[in-house]
Amino acid sequence: MWNSGGVGTLQVALTATAPSGATYRLDNAVFQITNFFTGFNTTVTGDDPTLNIDLAPSVFPFDYSIFLQDGWTLNEINPDGSATPLSATLLTNFIPFTIKSQRTTPISFHFKASEQIIATGNGTASVTISVDDSLIDDFEDGDGLIAPLGGRNGAWFTFNDGTGTQTPAPGTPVLPQVVDTIANFLLEMTATGFAPQGQQPDGTFAFGAGVGTSMVTDPVTFLPVPYNASKYTGINFTFFTNTSPNFPVQVAFLVSTSATAPVEQGGTCTVGCNDDFGFVGFVPPGPFSFTGGFTWGQLRQQGFGTPVAFDPSTILQIKWIVQFPNFGQTASDDNAEFRLDDVTFTTSAFAVPTGAGGGAGSGGGTGGAGGDSGGMGGRPGGPGGSSGGKGDAGMPPPPPPPPPGRNGPTPTF
């Protein structure tokens with residue numbers, strides 16, 4: 001007999017903790033609970049941290065269902081107790097369940113933007129609220145800030161070696177653009193007339209032009225604050241390049257940590273600094289697109305600074321640099337368009353990265369530069385570096401990875 005007498009209690013906890021450690025709360029929640037066999041139908045609001053309702057035991061399996069009505073809000077709870085509303089998507093709804101005496105029935109509501117278990121009494125249903133806060137930025141909100149998830153608050157910035165022209169220029173807002181017929185927002189950077197990579201007559205090193213963001217920025221000093229990303233496994237992204245047809249370029253993806261960044265840039269390094277962890281690879285001339293990523297274990301220092309261990313709990317910034325290796329060309333040959341989209345942390349192994357040539361518009365093959373995107377608004381940073389501009393954290397440009405051959409042949413994306 002499914003109906004063994006008595007009642008069961010449905011308890012729904014409306015707070016959750018994501019892999020990042022951030023706490024989320026579901027507000028303005030209205031649940032509709034029905035039993036198709038008995039005709040039971042009730043609507044319950046979820047204004048308290050835990051929702052409780054007594055239910056008669058099921059007559060048949062899965063004769064109850066729970067449905068979250070429109071109008072809910074998912075908020076991130078800040079350290080001071082205040083709440084920040086998030087743009088979130090409910091991935092699962094209208095969930096059948098069974099009430100049995102003295103048992104707990106697991107039910108999950110999944111949100112795209114942590115995890116929460118809801119316990120019950122005599123016959124109970126356990127409802128899990130699962131929120132994915134791995135998104136760093138998809139640029140679709142059209143501003144220059146990264147997504148305000150998991151305690152992150154950084155803004156995008158550009159930097160370069162001072163030998164060419166970069167758009168957006170260092171120190172100016174970096175706002176997503178709609179650049180092709182797909183009509184999605186993405187981050188676009190152009191680099192024109194940059195010196196080939198290498199030592200310059202004035203002793204500086206030409207490394208090209210880059211774009212990056214801090215994970216967390218101190219609102220007073222504008223310096224990056226270490227961000228604990230140890231609950232994630234790596235970073236995934238899509239980029240598109242379109243370069244001069246005669247010479248390949250390099251793209252460097254770099255992750256700076258407290259140990260690689262100098263003290264004046266928010267780190268702890270005092271000697272041999274800015275040798276960040278990452279991957280440097282050639283991309284072919286013309287249009288090219290890449291979708292994929294790297295686990296923490298795949299990132300390596302470039303070899304010109306003090307060796308340190310990679311610690312994902314101390315990440316300061318992530319950066320992409322377009323470099324122009326010296327093949328005997330002049331600066332007038334060194335031009336590139338770089339587009340970035342769909343930057344996310346990963347919580348599991350990802351698919352094998354894919355690169356492909358593409359048309360001049362949206363990027364081709366499996367890479368595509370114009371996916372669903374959406375950053376978070378532009379906020380100027382602090383004082384700029386020597387040749388790098390302000391950016392989000394007031395960071396001077398980092399020294400580049402070594403030229404080809406310094407640590408063996410340079411791989412390709």
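The values are calculated or read from the model by the stated rules, or taken from the named source; none is laboratory data. What you are looking at is a predicted structure, and each value in this text was computed from that prediction instead of being measured. Cβ: placed from backbone, ideal geometry, glycine included. Neighbour counts: every protein chain shown. All accessible areas refer to the heavy atoms of the entire protein, side chains included, with ligands and DNA or RNA removed. Shrake-Rupley method; radii C 1.70, N 1.55, O 1.52, S 1.80 Å.
Quick check: is even one residue across segment 309-316 of a type in the set (Phe, Trp, Tyr) and closer than 15 Å to Pro226 by Cα?
Of all residues in segment 309-316, those of a type in the set (Phe, Trp, Tyr) come to 310.
Within this subset, residues satisfying the condition of being closer than 15 Å to Pro226 by Cα are 310.
So far as segment 309-316 goes, yes, one or more of its residues are of a type in the set (Phe, Trp, Tyr) and closer than 15 Å to Pro226 by Cα.
Regarding Pro61, is this residue modelled with pLDDT of 85 or more, in contact with a Phe, Trp or Tyr (Cβ under 6 Å, 6 or more places away or on another chain) and either over 23 Å from Asp138 (Cβ atoms) or of a type in the set (Ser, Thr, Tyr) (or both)?
On the way: modelled with pLDDT of 85 or more: yes; in contact with a Phe, Trp or Tyr (Cβ under 6 Å, 6 or more places away or on another chain): no; either over 23 Å from Asp138 (Cβ atoms) or of a type in the set (Ser, Thr, Tyr) (or both): yes.
No: the conditions fail for Pro61.
Give me the pairs: first residue in segment 202-223 and at positive phi, second residue open to solvent by less than 60 Å² (accessible area, probe 1.4 Å) and not in a loop (DSSP other than H, G, I, E, B), beta-carbon distance under 6 Å, and six or more apart or on different chains, which are they?
Gly208/Ile321; Gly208/Val322; Gly208/Gln323
Please go through (1) under 22 Å from the mean Cα position of the chain (by Cα); (2) at pLDDT 75 or above; (3) part of a strand (DSSP E or B) for Ile129 and return the number of the only condition it doesn't satisfy.
Exception for Ile129: condition (2).
Which ones in segment 149-173 are crowded, with 20+ Cβ neighbours inside 10 Å and within 20 Å of Asn78 (Cβ to Cβ)?
Passing the criteria: Leu149, Gly150, Arg152, Asn153, Gly154, Ala155.
Thr190 versus (1) part of a loop (DSSP other than H, G, I, E, B); (2) touching an Asp or Glu at 6+ places or on another chain (Cβ under 9 Å); (3) more than 22 Å from Leu316 (Cα to Cα): which is the lone unmet condition?
The one condition Thr190 does not meet is (1).
Looking only at residues in segment 137-148 that are open to solvent by 20 Å² or more (accessible area, probe 1.4 Å) and in a strand (DSSP E or B), which one is farthest from Val211 (Cα to Cα)? Walk me through it before giving the result.
First pass over segment 137-148, keeping only residues open to solvent by 20 Å² or more (accessible area, probe 1.4 Å): 138, 140-143, 145, 148.
Filter once more, so that each one left must be in a strand (DSSP E or B): 140, 145.
Working: Glu140: 18, Leu145: 13 Å.
Filtering segment 137-148 for residues that are open to solvent by 20 Å² or more (accessible area, probe 1.4 Å) and in a strand (DSSP E or B), the one farthest from Val211 (Cα to Cα) comes out as Glu140.
Residues Ala183, Ala229, Ala252, Ala259: which one is aliphatic (A, V, I, L, M) and not in a loop (DSSP other than H, G, I, E, B)?
Ala252
One line per residue, one yes/no per condition, for (1) modelled with pLDDT under 95; (2) not in a loop (DSSP other than H, G, I, E, B):
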{"residue": "Gly281", "(1), (2)": "yes, yes"}
{"residue": "Ser289", "(1), (2)": "yes, yes"}
{"residue": "Gly293", "(1), (2)": "yes, yes"}
{"residue": "Phe304", "(1), (2)": "yes, no"}
{"residue": "Pro307", "(1), (2)": "no, no"}
{"residue": "Trp320", "(1), (2)": "no, yes"}
{"residue": "Ala351", "(1), (2)": "yes, no"}
{"residue": "Ala356", "(1), (2)": "yes, yes"}
{"residue": "Ala360", "(1), (2)": "yes, no"}
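Per-residue answers, yes or no, for (1) closer than 30 Å to Ala22 by Cβ; (2) crowded, with 22+ Cβ neighbours inside 10 Å; (3) not hydroxyl-bearing (Ser, Thr, Tyr):
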| site | (1), (2), (3) |
| --- | --- |
| Thr241 | no, yes, no |
| Pro248 | no, no, yes |
| Gly272 | no, no, yes |
| Phe279 | yes, no, yes |
| Val283 | no, yes, yes |
| Gly292 | yes, no, yes |
| Gln298 | yes, no, yes |
| Gly303 | no, no, yes |
| Pro307 | no, no, yes |
